[in-house]
């Protein structure tokens, strides 16, 4: 059953300040509408519960990619197409570019945004595992000012996050510290393109004197949120990339994730795939020495 369009209201503010004022003055009434790639699916299916939206697509303050010696900062409205076209991201953050290339088709990549992927808060989202593995920070803005916080820990539960009713996600910042690291991104789905992931792994690490160091591991579709597996990282750190290390890390990983049965897969399958992907990542580290 399709939605009845006159039931919905979409307003387009002239500036970011106007959008934030609307969120402040009518808390809970308005929600942001960016590329709309997720919201339009719900609208077409008649399952879009909220009725009032702020069109932020035209806000230049939320666009652009800024680069300095230590960080690359992406506006929340940076699209997947923008990500793939940026040479610094291609060179230093290849997992994010791969995630962007595997998100939907070309139409989705032209409209879908990094900020929207974060705020939609799906545990199966493609770019958040890469952002977590790259130790991203995010900026939240309101009429009262702005605040930066680590993306790790931003999601507190399924579709829940540390975002005030009067706040918008403004920018995403990545530290330029990936030189010499091994990057590993793998999305497992029903088919090779335009599929929602059953399991997704983004991982980055360096080797030092034959041992694993400075590793970050993030999984999608195996918990209520995209999860950074800190305990698994600890189990790998300062270890040789061998069979014993893999076995211990997989044991830790099984306690750090909580996959479920759903229409796309089973919990048992997801758990086995998470272990397989982790093992493949460690083998890639072994090959890099």
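The numbers here are math on the coordinates, done by the rules we state, and not lab data. Just so it is clear, the structure is predicted and the values come from calculations on it, not from any experiment. Cβ coordinates were reconstructed from backbone atoms using ideal geometry, including for glycine residues, and neighbour counts include every protein chain displayed.
Remarks
- The angle between the Cα long axis of helix 267-288 and the longest principal axis of the Cα atoms of the chain comes to about 60 degrees, rounded to the nearest 10.
- GNM on the chain, alpha-carbon springs under 10 angstrom: the most fluctuating residue among 142, 15, 221 is 15.
- Fewest-first sequence of 20, 168 by Cβ atoms within 10 Å of each Cβ: 20, 168
- (1) 14.3; (2) 15.4; (3) 19.2, with the label sought being that of the calculated mean projected area of the Cα convex hull in nm²: (2)
- Most mobile listed residue (113, 257, 70) in the chain, GNM with C-alpha springs under 10 Å: 70
- Overall dimensions of segment 1-108 by Cα: Rg and Dmax, Å: 16.5, 52
- Cα gyration tensor, segment 161-284 - rounded (a/c under 1.5), prolate or oblate: oblate
- Angle between the chain longest axis and helix 16-25 axis [Cα atoms, degrees, rounded to 10]: 80 degrees
- The label point for residue 231 and the one for residue 191, both projected 7 Å from the Cα toward the Cβ, are 3.8 nm apart.
- Taking other C-beta atoms within 10 angstrom as a stand-in for reagent exposure, 118, 88 fall in the order 88, 118, fewest first.
- Relative contact order, percent, segment 5-55 [alpha-carbon distance under 8 Å, six or more residues apart]: 56 percent
- At full extension, residue 287 and residue 108 could sit 60.9 nm farther apart than now, given 0.36 nm per residue minus the alpha carbon distance.
- Note on residue 159/residue 8: beta-carbon distance plugged into 1/(1 + (r/R0)^6) with R0 of 30 Å gives a FRET efficiency of 0.90.
- Rounded tilt (10° steps) of 243-256 against the dominant C-alpha axis of the chain: 30 degrees
- Contact order normalised by residue count of segment 182-288, Cα under 8 Å, 6+ apart, percent: 24 percent
- Based on the Kirkwood approach, the hydrodynamic radius assigned to segment 61-175 is 14.1 Å, with every pair of different Cα atoms included.
- Average Cα contact separation per residue, the chain, under 8 Å, 6 or more apart, as relative contact order %: 15 percent
- If you take the Cα centroid of segment 194-253 and the Cα centroid of segment 104-163, the two points sit 21 Å apart.
- Label-point gap, in nm, between residue 150 and residue 65 - each point 7 angstrom along Cα→Cβ: 2.6 nm
- Fewest neighbouring Cβ atoms within 10 Å first, the residues 219, 4, 93, 33 line up as 4, 33, 93, 219.
- Stretched out straight at 0.36 nm per residue, the stretch from residue 26 to residue 248 would grow longer than its current Cα-Cα span by 74.8 nm.
- Full-stretch length increase - residue 50, residue 120 - with 0.36 nm per residue and alpha-carbon distance subtracted: 23.9 nm
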